[in-house]
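Taking it in order: structure first as structure tokens, then the write-up.
The values are calculated or read from the model by the stated rules, or taken from the named source; none is laboratory data. In this text the structure is predicted, and so the values were computed from the model without any measurement. Heads up, the Cβs are rebuilt from the backbone with ideal geometry, glycines too, and the neighbour counts pull from every protein chain shown.
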Amino acid sequence: MADIRRLIDQLEEQRILSREEFLQILSDLTEEDRNYLRERARAVANKHFGNHIYTRGLIEFTNYCKNDCYYCGIRRSNREVTRYRLTNEQILSCCKEGHELGFRTFVLQGGEDGSYSDEDIVAIITLIKTNFPDCALTLSIGEKSYASYLKYYEAGADRYLLRHETANEEHYSKLHPENLKLQNRKQCLLDLKTIGYQVGAGFMVGSPYQTKENIVEDLLFLKELSPEMIGIGPFLPHHETPFAAEQKGSMEMTLILISIIRLMIPNALIPATTALGTIHPKGREEGILSGANVVMPNLSPTSVRKNYELYDNKICTGDEAAECRFCLDGRMKKIGYELTIDRGDYKEDKIDV
Ligand code: SAH
């Protein structure tokens, strides 16, 4: 059996491995190797970010969605969801509360809600950026045209999250209806990069039909795109979707992949996601200890949180924004990290280049 540790060292030094080597790591990792991988990833994260954890205040501003992704709890065909849209005043008041709590990045996330024109989105961006000029604004509102992305950017949006979900066409078609194409998703990511956004890609770990080979493709795709942000979390079933009876993803595999991604793209902004916190009570702490450096507490009004359930049992749906921040603050302190009051922009890699 080849020496997995040597491969881990090689990954840290060269920041890439071949398809076969990645596959070998994913297949043959022993408990000891896993600990080693985690240690190396954490050392690299610490070198770049110290014990500082960036925070992003998540505002789930609409759960209307025209898409029908098989995994997602707010898909169009789910008639059981109470649909909502926050008013601009509500969004602003989330930001105000968030700002007082120390957030300097707001993430506007939603379903693909056709009722917003580009002008509506631009108005929201302008409102947030003029009221909170010291904050970064991230959008996560799905696939749009180059022209729309450009308008949002020119209005002041700084970052855009658009997980690629899987880099394999065939797998993509098993997770999405016919009208959604991997090619288009990838084009969106390229457009966002060209325009100048800090871009976030990523995927679900253990989504239905995902193979180890698919995961390796995801890793190679991420390396090629080299996004500034990389979000991964375990797939979790939602009871009102076609994947209701599917197995959930694994926390262990998610942590291994966070570590591999940290070694592959050392300065990437990698969140310990809510899905990770949902699959295990200490999931987010484990994520940080495996190389993640960002957390994304929820700032949405408590009244709507239950309605933004992408998967079952999502955590923190009953907590106020302040509770979420304090809870995470305590969790991070316990493992030797602290939340920082900072926009937490992507920084070019000045180490070892
Ligand atoms: N409409 C936006 C935001 C999607 S929600 C967009 O298309 O980008 C953000 C992410 O949640 C998705 O990209 C997906 O990776 C993740 N997600 C959705 N359903 C999930 C589930 N059942 N389990 C785990 N993660 C899920």
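Please verify whether the stretch 268-281 includes one or more residues that are away from the ligand (no atom under 16 Å from the Cβ), at pLDDT below 95 and under 20 Å from the mean Cα position of the chain (by Cα). Within the stretch 268-281, none of the residues are away from the ligand (no atom under 16 Å from the Cβ), at pLDDT below 95 and under 20 Å from the mean Cα position of the chain (by Cα). Taking the stretch 172-203 as the range and being of a type in the set (Asp, Glu) and either under 14 Å from GLY142 (Cβ atoms) or assigned to a helix (DSSP H, G or I) (or both) as the test, only ASP191 passes. Set side by side, the residues GLU240, GLU224 differ, and just one is of a type in the set (Asp, Glu) and more than 16 Å from the ligand (Cβ to nearest atom), which is GLU224. The set of residues in the stretch 322-339 being of a type outside the set (A, V, I, L, M, F, W, C), surrounded by fewer than 18 Cβ atoms within 10 Å (Cβ to Cβ) and assigned to a loop (DSSP other than H, G, I, E, B) consists of GLY336 alone.
Checking the structure you have, find out if any residue of the stretch 78-99 is within 16 Å of the ligand (Cβ to nearest atom) and under 24 Å from ILE261 (Cβ atoms). There is no residue in the stretch 78-99 that is within 16 Å of the ligand (Cβ to nearest atom) and under 24 Å from ILE261 (Cβ atoms).
Among residues of the stretch 101-117 that are of a type in the set (Val, Ile, Thr), those with a beta-carbon under 7 Å from a residue that is in a loop (DSSP other than H, G, I, E, B) at least six positions away or on a different chain give the pairs THR105/ARG56; THR105/CYS135; THR105/ARG343; THR105/GLY344; VAL107/ARG56; VAL107/MET296.
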